[in-house]
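Shown next, in structure tokens, is the structure this report addresses.
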Number of protein chains: 2
Amino acid sequence: MGETAARSLRADAERSVRAILEAAERVLAQEPGASMEQIAAAAGVARTTIHRRFANRQALIDALASSAARQLAQAIDDGRPDTAPPLVAMHRITANVLQVKSAWAFALGLPADPGSEAAALHQDIARSCTAVLKRAQDAGLIDQAADLDWVRRVYYALIGETLHGNAGGADPDTLAARIIDTLLHGAGPRA
Amino acid sequence: MGETAARSLRADAERSVRAILEAAERVLAQEPGASMEQIAAAAGVARTTIHRRFANRQALIDALASSAARQLAQAIDDGRPDTAPPLVAMHRITANVLQVKSAWAFALGLPADPGSEAAALHQDIARSCTAVLKRAQDAGLIDQAADLDWVRRVYYALIGETLHGNAGGADPDTLAARIIDTLLHGAGPRA
DNA sequence: ATTATCTGCATCAGCTATGTTGCATTTAGA
DNA sequence: TCTAAATGCAACATAGCTGATGCAGATAAT
């Protein structure tokens, strides 16, 4: 069960942990090699406080990755991937994911080492994603001969590219619409 | 004129520089924070030799980025983006780029700071790329209403995703064909 | 109100990477 | 062959990060 051994921290301590994780995301996104000192400063906390909650740098990174992965999994579940009509689910999920990924870009870009909670979550997520695509394929939205694994990877890539260019300002629904349109139809001329 | 002030190094020195750059790519691709010592070892060279040719770590990274960007630009030019028929140019360019990017993944993924040679080259590349897409659009391969900047970014993303999953084994032409097909038609059912 | 927890601050030891220098040796080039 | 360039090696100084500790003051929880 990893590092989630937190046995009922005091309320202020829990606030500190959250502040540290959010600061770590902010700081490391700009400079992946940033020091604990910089993270502490951004969190409004002394460096020693970080060391009290996280044994070492790696433990902090792991916790960050887990936390972000949990939020991502939640964002997907909120889109009802198993029950909503495929197109609706895809749109909702995409919009949700865009928001979570834009807030936790660094943490979610981390290479999750096998066995970690984050890795397990990312596998679950990939499964959910493939399931939705399968439903879309059965509904005739995706070509029967298409390689769903490639389609899923293209979908991931479109999300990633959307986040790159966008400074976080544009409407998630508009962006999601473009992603799905591109995924299904590409850039070629419409019939 | 940046760091290319190299005034006729001796032949063996030039070999060393190349070995260092190639080793840096190899090592840093696996561990972006790797030490100069590790790079030197991988290059079969003493650490001090690296410091003789590159003032500091940043200078080495900059040189690496420039070198890789030059090769990428060359790979695109080799595809005759201005003269070959659009589809042919796109295919050739894609196959060439796949090979160069797979060999210099780290260097080309580096955030080129404005003003650097690498940044200028990447702008040239983006221009060439957009030009080819424009020709494809005029030829009716791409929808008239399409946003070419988005199309170009999607194209980049497809290349990036292709390189991720592929361990460098598959045939570049096959991969290029899938990229262009996906870019133009997406995953939807064929007419 | 009392207690257990949390935090900031100061401090310390240890480690590692960086960048430089001097010298002896090898190697390319004329 | 002769010279200038290039390299390896050893050593050194510096700087920055990490992780740990002790203590005094602030804060939550009962």
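Sorting A:71-79, A:51-59, B:58-66 by average packing, meaning the other beta carbons within 10 Å per residue, from highest down gives B:58-66, A:71-79, A:51-59. Per residue, the convex hull spanned by the Cα atoms of chain B measures out at 142 cubic angstrom. The phi torsions of segment A:14-21, fed into the Karplus equation with coefficients 6.51, -1.76 and 1.60 and a -60° offset, translate into couplings of 5, 4, 4, 4, 4, 4, 5, 4 Hz, rounded to whole numbers, with Gly and Pro shown as x.
Straight-line cross-link partners of B:Lys134 among the aspartates and glutamates, defined as a Cα under 12 Å from its Cα and at least 8 positions apart when in the same chain: B:Asp82, B:Asp143, B:Asp147, B:Asp149. Taking the Cα centre of chain A as origin and assigning +1 to Lys and Arg Cβ atoms and -1 to Asp and Glu Cβ atoms, the resulting dipole is close to 360 debye.
Between A:Arg80 and B:Thr130, the simple spin-label model (points 7 angstrom out along Cα→Cβ) gives 4.2 nm.
Using a probe radius of 1.4 Å on protein heavy atoms only, what is the accessible area buried between chains B and A, both sides summed, to the nearest 100 Å²?
Values: alone 11190 and 11190 Å², together 20340 Å².
Rounded to the nearest hundred, the buried surface is 2000 Å².
Considering only the other residues whose Cβ falls under 15 Å of the Cβ of B:Asp78, what net charge follows from Lys and Arg at +1 and Asp and Glu at -1? Write down the numbers at each step before the final one.
Working: positive: B:Arg70, B:Arg80, B:Arg92, B:Lys101; negative: B:Asp77, B:Asp82, B:Asp124, B:Asp173.
Within the 15 Å Cβ shell, the charges total 0.
May I ask you to give the percent of accessible area on the protein assembly as shown that is carbon plus sulfur, with a probe radius of 1.4 Å?
After summing per-atom areas, the C and S share lands at 53 percent.
The phi-based Karplus calculation (6.51 cos²θ - 1.76 cosθ + 1.60; θ = phi - 60°) puts the 3J(HN,Hα) values of segment B:102-109 at 6, 7, 10, 4, 5, 4, 7, x Hz, whole numbers, x for Gly and Pro. So what does log10 I(q)/I(0) come out to for the protein assembly as shown at q = 0.10, 0.11, 0.15 Å⁻¹, using the Debye formula with one equal point on every Cα and no solvent? Rounded to two decimals, the profile gives -0.78, -0.93, -1.43.
Here's the list of aspartates and glutamates a cross-link from B:Lys101 could span, going by alpha-carbon distance under 13 Å and ignoring same-chain residues fewer than 8 apart: B:Glu25, B:Glu161. Phi angles across segment A:23-28 convert, under the Karplus curve 6.51 cos²θ - 1.76 cosθ + 1.60 with θ = phi - 60°, into 3J(HN,Hα) values of 5, 4, 4, 4, 6, 5 Hz, Gly and Pro given as x. Counting Cβ atoms of other protein chains within 10 Å of each Cβ in B:171-182 and taking the mean gives 1.
Once you reduce segment A:116-152 and segment B:57-118 to the center of their Cα atoms, the two points are 32 Å from each other. Site pair A:Asp171 and A:Ser8 shows an inter-label distance of 4.7 nm when each label is modelled 7 Å from Cα along Cα→Cβ.
The values are calculated or read from the model by the stated rules, or taken from the named source; none is laboratory data. All of these numbers come straight from a predicted model, not from anything done at the bench. Don't worry about glycine lacking a Cβ; one is built from the backbone with ideal geometry, like all the others, and counts go over all protein chains shown. Areas reflect the complete protein model, heavy atoms only, side chains present, ligands, DNA and RNA absent. Shrake-Rupley method; radii C 1.70, N 1.55, O 1.52, S 1.80 Å.
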